[in-house]
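S.K.: I'd like to ask some things about the structure below.
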Amino acid sequence: MIPLHGLGGRQDLPLPFSVVLIAAAATLIISFLVLWWRWPAARYATVGGVPLPRLTAALDSPALRWLVRAIGLGLAGWALLALLAGPDELINPIFGYVYVWVWVGLVPISLLFGPVWRTLNPFRTVHLVLARLTKIPHDVGAWGRFPAAGGVWPAVVLLVSFVWLELVAPNRTTIAMIMMWIAVYVAVQAVGGLLFGSGWYAAADPFEVYALLMAKLSVWGRGQDRLIVARSPLANLATLNPVPGTVGIVAVLLGSTAFDGFSNSTSWIRWIQAGDKPAVWIATVAMVGMITLVVVSYQVAVYLSCRLTGVDPAGQLGTYIHSLVPIVLGYVTAHYLTLIVFEGQRTLILFSDPINAGWNVLGTAHWQVGMGFFAYTTLIAMLQAGAVVVGHILGVIAAHDRALAIAPPTKAVVGQIPMLAIMIGYTLGGLWLLFAT
Amino acid sequence: MCPAPPRRIPPSTGVALRRFSLPTAVAATAVAAVLLTGCQADSTAGSPTVPPPPATATTTAAATPDPAATPPSAPSAPSSPRPSAATARSKAASPAADATIAVTIADGKVRPNAEDVKVKQGQTVRVTIRSDVDESIHVHGYDKTAKASPGEPGEVTFTADVKGVFEIETHESAKLAAKLIVS
């Protein structure tokens, strides 16, 4: 493992033991409270939300859509300039753009604004413009549409390659390495877009798939007649429709974040660096191992849950995946909260001068990174632990609701126990990683 | 975890230190420096190709002791704010640091190997580097860099004014020498 944590100039102090203890206790108590505080039927699957016709009209106006598209395209184009013409050093904002603004930033953007990534996605914008200019339909490609059976598997593959780039790849903060990944990513998006139309991006863009998953935890959704509605995040989460590969996306997100946690510990790095170990191979195997652990434990839990409730396990793999989505959110919040504060600012500063020519295009070039937040170490620790615990609570409630959606109430409580067990495992594991590293 | 307190001041250190007319104070610094940095002091200093370093009490002390004198086991770094008030007087050009991390690169090996170094916010930290190849050491977050080439050690001193964990890493070989834990 190459310890250079992509960017990540500053990492968080380990959680104080007292915070970990309180968070762990809260996790266990709340888990069992939800178990006994049973409700008779799946309540979130049917919640419609409050329709907002005026907001819908405003947000769906072509002018606003094109403005958002222009922002997405403009940022991507500016980053591309840095990639192609900027210096091969850490002062190149491409690294912060990819690893922080896009990869981490898509989470708060999706939580605040809902499924906006679809509109920000520069591939969709370019695709739409080209389709309009050539007067061909944008949603059908040379080979028709991407088959539904393919689900989001192309995005899973690209997501694995991205987390490998972010967490394992040697020289991942060199232009050559990041350019190689971006070239593959762009080629896959462009060729797939030509072959399958714009539906391809929903299946193959790992950032869009991840962003839309997080948007399910926002309060924004679409109700009848495509009206924008405001609803509880849990109700929104219940509208998540798992497709082939959704479990893979969640497992890669959880597993890779856990891997990043332990691979950053000094004891792991010391062990890797001692002697001539094939560091990249070990790290690759460890990361794939963590992802596999999540997949297998989740599958076992789903299987047991189905057996306990007398439901045929076939075709139920995605049933409980909703409950892991808030856990992903808790993990990444705890993990990346201060990174986005620190590197997010730095990237904004560097973004004024993408090719290191002394520009100050955004007027940010002479700003200083504000470090004030980092003085509040206790607050940061509580936010981190709180994010993990809140993610767990939402997950447990979602699991309870899902159990009721597939099984009669009398059996649903028993049915969710395997799921509850692995969720407690993930949560305590996440807390332990925040404490031990 | 930082090195164990040396059971004795290595003789070579003593010799080096006599150049300063405050042997006691400087010896205290040496102890502190070795305490903070210790086990990795893989003395390239004895090599004839190495010119006398731009001598400061701490760098000399940290770089000179022979490895046998500083057992590689380790308590954590002392967190007392100033190891010795007197050290500040020993060399005006290079004020004393509260913690010194002496990095050596020899035969492709980086020492220390992924050590935790704990300091309190506001303390000064010095990172020194000696290398048998062209190399530089980078303190992440603070963005401090010290360069070295064979026979030309380098160092950088800064105030650890931001809390957090910061990687101190070789630039060319991308090895983690230490994590600076500022709390």
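S.K.: Could you give the size of the charge dipole of segment B:99-182 about its Cα centre, using +1 on the Cβ of each K and R and -1 on the Cβ of each D and E, expressed in debye and rounded to the nearest 20? Each step should come with its number before you reach the end.
M.R.: On the way: 11 positive and 13 negative charges, 80 e Å.
Using Cβ point charges on Lys, Arg, Asp and Glu, segment B:99-182 gives about 380 debye.
S.K.: Buried accessible area between B and A (1.4 Å probe, both chains summed, ligands and nucleic acids excluded), in Å² to the nearest 100?
M.R.: Approximately 1900 Å², summed over both chains.
S.K.: OK, next. State the answer as a single residue: which of A:Ala79, A:Val34, A:Pro93 lies farthest towards the positive end of the charge dipole of chain A, with beta carbon charges of +1 for Lys and Arg and -1 for Asp and Glu, about the Cα centre.
M.R.: Going by the charge dipole, the pick is A:Val34.
S.K.: Using a 1.4 angstrom probe with every protein chain in place, what is the largest-first accessible-area order of A:Trp359, A:Trp432?
M.R.: Ranked list, largest accessible area first: A:Trp432, A:Trp359.
S.K.: Let me ask something additional. How far apart, in nm, are the 7 Å Cα→Cβ label points at A:Trp432 and A:Val300?
M.R.: The answer from the label model is 1.4 nm.
S.K.: Still on this model: How large are Rg and Dmax for chain A when calculated on the C-alpha trace, in angstrom?
M.R.: Reported Rg and Dmax, both Å: 22.0, 69.
S.K.: Shifting gears a bit: Determine ³J(HN,Hα), in whole Hz, for all residues of segment A:98-113 in sequence, where each value follows from phi through the Karplus function 6.51 cos²θ - 1.76 cosθ + 1.60 and θ = phi - 60°; x replaces Gly and Pro.
M.R.: 6, 7, 10, 4, 7, 5, 8, x, 5, 5, x, 4, 6, 5, 7, 10
S.K.: With a point put 7 Å past each Cα toward its Cβ, work out how far A:Trp143 is from A:Ile417 in nm, to one decimal.
M.R.: 4.7
S.K.: Just checking the output field for B:160-170: average partner chain Cβ neighbours within 10 Å of each residue's Cβ?
M.R.: Going residue by residue through B:160-170 and averaging, the value is 6.
S.K.: Can I ask one more? So what's the back-of-envelope 222 nm ellipticity for chain A, counting only DSSP H runs of four-plus at -39500 (n - 2.57) apiece and dividing by all residues, rounded to 500?
M.R.: Calculated at 222 nm, the ellipticity per residue is -21000 deg cm²/dmol.
S.K.: Can you tell me how segment A:1-121 classifies by the Cα gyration tensor, rounded, prolate or oblate, using a/c under 1.5 as the rounded cut? Let's see the in-between values first.
M.R.: Values: a/c = 3.99, a/b = 1.18, b/c = 3.37.
Oblate shape, in that a/c is at least 1.5 and b/c is the bigger or equal ratio.
S.K.: If you don't mind, another one. What whole-number distance in Å separates the alpha-carbon centres of segment A:327-364 and segment A:403-432?
M.R.: 37
S.K.: Moving to a separate point now. Report ³J(HN,Hα) in whole Hz for each residue of segment A:14-21, in order, from the Karplus equation J = 6.51 cos²θ - 1.76 cosθ + 1.60 where θ = phi - 60°; Gly and Pro get x.
M.R.: Coupling constants for segment A:14-21: x, 4, x, 4, 4, 5, 4, 4 Hz.
S.K.: A further question follows. Please compute the net charge surrounding A:Pro40, taking Lys and Arg as +1 and Asp and Glu as -1 over other residues with Cβ under 14 Å from its Cβ.
M.R.: It works out to a net charge of +2.
S.K.: While we're here: Partner chain Cβ atoms within 10 Å, averaged over the residues of A:269-281 - can you pull that number for me?
M.R.: Counting other chains' Cβ atoms within 10 Å and averaging over A:269-281 gives 3.
S.K.: I would also like to ask the following. Provide the solvent-accessible area of A:Thr27, counting protein heavy atoms only and rolling a 1.4 Å probe, rounded to the nearest 10 Å².
M.R.: 0
S.K.: Excluding A:Ile175 itself, calculate the net charge of residues whose Cβ lies under 10 Å from the Cβ of A:Ile175, where each Lys or Arg counts +1 and each Asp or Glu counts -1. Don't skip to the end; give the middle numbers.
M.R.: Numbers: positive: none; negative: A:Asp88, A:Glu89.
Net charge around A:Ile175: -2.
S.K.: Return the long-range amide H neighbours of B:Thr104 (sequence gap of 5 or more, or a different chain), with a cut-off of under 5 Å between placed amide H atoms.
M.R.: Under 5 Å from the amide H of B:Thr104 lie the amide H atoms of B:Arg111, B:Arg130, each far enough along the sequence or on another chain.
S.K.: So how far, in whole Å, is the C-alpha centre of segment A:89-133 from the one of segment B:146-183?
M.R.: 34
S.K.: If each of A:Ala274 and A:Leu64 carries a label point 7 Å out from its Cα toward its Cβ, how far apart are those two points in nm?
M.R.: For A:Ala274 paired with A:Leu64, the spin-label model returns 5.9 nm.
S.K.: Using θ = phi - 60° and the Karplus curve 6.51 cos²θ - 1.76 cosθ + 1.60, what whole-Hz ³J(HN,Hα) does each residue of segment A:323-337 get, with Gly and Pro shown as x?
M.R.: Using θ = phi - 60°, the values come out as 5, 8, 5, x, 5, 4, 4, x, 4, 6, 5, 4, 7, 10, 3 Hz.
S.K.: Which residue fluctuates the most in chain A, going by a Gaussian network model with Cα springs under 10 Å, if the choices are A:Gly363, A:Gly245, A:Gly49?
M.R.: Of A:Gly363, A:Gly245, A:Gly49, the most mobile in the Gaussian network model is A:Gly363.
S.K.: Separate question: As a test question: what accessible area, to the nearest 10 Å², does A:Arg270 have when a 1.4 Å probe is rolled over all protein chains in place?
M.R.: The value for A:Arg270 is about 80 Å².
S.K.: Charges only on Cβ, +1 for Lys and Arg, -1 for Asp and Glu: so what's the dipole of chain A about the Cα centre, in debye to the nearest 20?
M.R.: On the way: 22 positive and 15 negative charges, 200 e Å.
For chain A, the charge dipole is close to 960 debye.
S.K.: Let me ask another. Could you tell me the center-to-center distance, by alpha carbons, between segment A:257-323 and segment A:151-168 in angstrom?
M.R.: Using only Cα atoms, the two centres lie 15 Å from each other.
S.K.: Fully extended, how many nm does the chain gain between A:Arg132 and A:Leu362 (0.36 nm per residue separation, minus their Cα-Cα distance)?
M.R.: Between A:Arg132 and A:Leu362, full extension yields 79.7 nm more.
S.K.: Can you sort B:Ile137, A:Ile349, A:Ile71 by 1.4 Å-probe accessible area, starting with the largest?
M.R.: Solvent-accessible surface, decreasing: A:Ile71, A:Ile349, B:Ile137.
S.K.: Whole-Å semi-axes of segment A:140-288's equivalent ellipsoid, largest first, each the root of 5 times a Cα gyration tensor eigenvalue?
M.R.: Square roots of five times the eigenvalues give 33, 21, 12 Å.
S.K.: If you don't mind, another one. Once you list every other residue whose beta carbon is under 13 Å from the beta carbon of A:Pro51, what net charge do they have if Lys and Arg are +1 and Asp and Glu are -1?
M.R.: So the environment of A:Pro51 carries a net charge of +3.
S.K.: Using a 1.4 Å probe and counting only protein heavy atoms, arrange A:Ile269, A:Ile417 so the residue with the most accessible area comes first.
M.R.: Numbers: A:Ile269 0, A:Ile417 80 Å².
Descending accessible area places them as A:Ile417, A:Ile269.
The values are calculated or read from the model by the stated rules, or taken from the named source; none is laboratory data. Source: prediction; values computed, not measured. Using ideal geometry, Cβ is built from the backbone for each residue, glycine included, and neighbour counts are taken over all protein chains shown. Just so you know, the surface numbers come from the protein's heavy atoms only, side chains and all, with ligands and any DNA or RNA stripped out. Shrake-Rupley method; radii C 1.70, N 1.55, O 1.52, S 1.80 Å.
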